[in-house]
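Engineer: Structure provided below as structure tokens; questions to follow.
The values are calculated or read from the model by the stated rules, or taken from the named source; none is laboratory data. On a predicted model such as this, the values are computed, not experimentally measured, just so you know. Please note: Cβ atoms are built from the backbone with ideal geometry, for glycine as well, and neighbour counts cover all protein chains shown.
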Amino acid sequence: MTGNPNPKARRSERHPIQMAVTLLTEPNEAENRNEAFTVDLSRHGCRIEASASLIPGQLVHLLPSESPGAAILGRVVWVGKPASDLAGESGIEFLQPFPSLV
């Protein structure tokens with residue numbers, strides 16, 4: 001895993017919310033749409049489970065299944081190492097706070 005943030009340094013509380021999202025790695029290209037799920041969610045980011053190959057620093061768009069028109073822009077902060085407990089998971093920092101969590 002690369003750069004997994006220290007839990008004590010988080011800006012907002014995480015909530016264990018599993019939500020289906022479409023992950024766009026290149027927003028204008030249909031072949032870069034991947035199905036993903038949030039593992040947990042906070043106002044400032046989320047942990048997702050996805051089969052997409054992501055790299056730290058990469059910009060992504062998350063489209064919640066419940067409101068697909070509301071794209072959330074984020075940046076990949078860390079990616080779980082293969083064969084680890086976090087394999088297939090990534091940490092996403094939102095560029096704007098998620099409005100529905102207080």
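Engineer: Filter region 73-89 down to residues that are free of Cβ contacts under 8 Å to residues at least 40 places away in the same chain and closer than 16 Å to residue 36 by Cα, then give me how many there are.
Structural biologist: Adding up the residues that qualify gives 6.
Engineer: Filter region 33-53 down to residues that are over 21 Å from residue 13 (Cβ atoms), within 11 Å of the chain's Cα centre (by Cα) and of a type in the set (S, T, N, Q), then give me how many there are.
Structural biologist: 0
Engineer: Right, something else. Applying the selection to region 54-102, what residues are closer than 18 Å to residue 42 by Cβ, among the hydrophobic types (A, V, I, L, M, F, W, C) and within 11 Å of the chain's Cα centre (by Cα)?
Structural biologist: 60, 62, 72, 73, 76, 77, 78, 92, 94
Engineer: Which of the residues spanning region 50-75 are in contact with an Asp or Glu (Cβ under 7 Å, 6 or more places away or on another chain) and either part of a loop (DSSP other than H, G, I, E, B) or surrounded by 17 or more Cβ atoms within 10 Å (Cβ to Cβ) (or both)?
Structural biologist: Selection gives 74 alone.
Engineer: I'm trying to understand the selection: among the residues of region 1-24, which are loosely packed, with under 12 Cβ neighbours inside 10 Å, polar (S, T, N, Q) and either at positive phi or at pLDDT below 80 (or both)?
Structural biologist: Correct list: 6 only.
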